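The block underneath contains the structure these notes are about, expressed in structure tokens.
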Amino acid sequence: MSGLANLQKRFFAWGMSRANDADSDGVKLKDCDDHESLGELKAALLNSVQGRVVEIGPGAGASFAYLPKDIQWIGIEPNPYMHRYLQEEARKQGIESVEVYEGMAEKLPLIDESVDTVVGIHVLCSVGDVQEALGEIRRVLKPGGVFVFLEHIADQRGSWNRRLQDAIAPVWKGLFDNCHPHRETDQVLQAQGFERVDEEYFRLSFPNYSPHVAGVARKS
Ligand SMILES: C[S@@+](CC[C@H](N)C(=O)[O-])C[C@H]1O[C@@H](n2cnc3c(N)ncnc32)[C@H](O)[C@@H]1O
């Protein structure tokens, strides 16, 4: 990794750790029937997960505030500068069983059918290969296990917002650690062979990040 890329990773990790203190209840959702704020939605998605829980791309640990304290949490985070913040945030939020690995969602360092839940929040926008990552998630989930997801996605083809997403993508990826503003992650997820996908579409109030999908995909 070049010196600049290293510095970028360090800065990104520091920024994510600062964001842990942001108030997700203050981020309001549009076009969402069941939840008013991002905080409320995250709580609904995460507060009943149990057992062995793997989180891909956990960043600096923004999800810890919403997860039950008694889970066995395993984080797969490629940015090593996040790891210290993850441990600190887990301690702050009272989650005791924490293991962090420097790895990628596309090649999970876990054996087949060994995990109850996989969590992915704002991460499939950044992985190198979404299909490969979803294939790995299905591989490590036990039968009946669930993938809990929350992602920003591409707007409808032909819309002005989609044109904007397509136009800014090359610069955006460089600035924000390979984040693709225009990925059709929901379509890929639907085609991945999960037994059932319960999902909800909604919007946040800033433009290119606006369209989102969140939900639970169950492995048969
Ligand atoms: C936008 S951040 C989101 C962090 C966290 N999930 C949150 O909600 O605050 C994206 C995270 O995905 C991680 N990431 C990027 N590529 C990845 C990959 N291939 N596998 C796993 N994590 C990845 C980044 O290092 C970063 O921590």
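From the list Asn79, Asn6, the one residue that fits, being within 15 Å of the ligand (Cβ to nearest atom) and buried (at least 17 other Cβ atoms within 10 Å of the Cβ), is Asn79. Residue-level analysis places Gly158 among those that are over 21 Å from Lys219 (Cα atoms), in a loop (DSSP other than H, G, I, E, B), over 13 Å from the mean Cα position of the chain (by Cα) and away from the ligand (no atom under 11 Å from the Cβ). When segment 109-123 is filtered for residues that are near the ligand (Cβ under 9 Å from one of its atoms) and either open to solvent by less than 40 Å² (accessible area, probe 1.4 Å) or part of a helix (DSSP H, G or I) (or both), the ones remaining, listed by number, are Val119, Gly120, Ile121, Val123. The set of residues in segment 67-76 that are open to solvent by less than 50 Å² (accessible area, probe 1.4 Å) and touching a residue at least 24 places away in the same chain (Cβ under 8 Å) comprises Leu67, Ile71, Trp73, Ile74, Gly75, Ile76.
Summed over segment 49-64, residues that are open to solvent by 50 Å² or more (accessible area, probe 1.4 Å) and either outside any loop (DSSP other than H, G, I, E, B) or within 14 Å of the ligand (Cβ to nearest atom) (or both) total 1. A single entry from Leu29, Leu45 fulfils the requirement of being surrounded by 18 or more Cβ atoms within 10 Å (Cβ to Cβ), touching a residue at least 12 places away in the same chain (Cβ under 8 Å), within 12 Å of the ligand (Cβ to nearest atom) and not charged (D, E, K, R): Leu45. Filtering segment 127-169 to residues that are polar (S, T, N, Q) and buried (at least 21 other Cβ atoms within 10 Å of the Cβ) leaves only Gln165. Within segment 191-220, if we keep just the residues that are polar (S, T, N, Q) and loosely packed, with under 14 Cβ neighbours inside 10 Å, the residue that is modelled with the highest pLDDT turns out to be Ser220. Within segment 151-178, residues that are touching a residue at least 60 places away in the same chain (Cβ under 8 Å) reach partners that are open to solvent by 80 Å² or more (accessible area, probe 1.4 Å) with beta carbons closer than 9 Å, at six or more positions or on different chains, in the pairs Ile153/Gln187; Ile153/Tyr201; Asp177/Gln8. Can you name the residue in segment 82-106 that is open to solvent by less than 60 Å² (accessible area, probe 1.4 Å) and part of a loop (DSSP other than H, G, I, E, B) and is also nearest to the ligand (Cβ to nearest atom) among such residues? Among those that are open to solvent by less than 60 Å² (accessible area, probe 1.4 Å) and part of a loop (DSSP other than H, G, I, E, B), it is Ala105. If you filter segment 126-150 down to residues that are touching a residue at least 40 places away in the same chain (Cβ under 8 Å) and of a type in the set (Lys, Arg), you find that the one that is farthest from Ser114 (Cα to Cα) is Arg138.
The values are calculated or read from the model by the stated rules, or taken from the named source; none is laboratory data. Note that the coordinates shown come from a computational prediction; the quantities given were computed from them, not determined experimentally. Using ideal geometry, Cβ is built from the backbone for each residue, glycine included, and neighbour counts are taken over all protein chains shown. We work out accessible area using only protein heavy atoms, side chains counted, and drop any ligands, DNA or RNA first. Shrake-Rupley method; radii C 1.70, N 1.55, O 1.52, S 1.80 Å.
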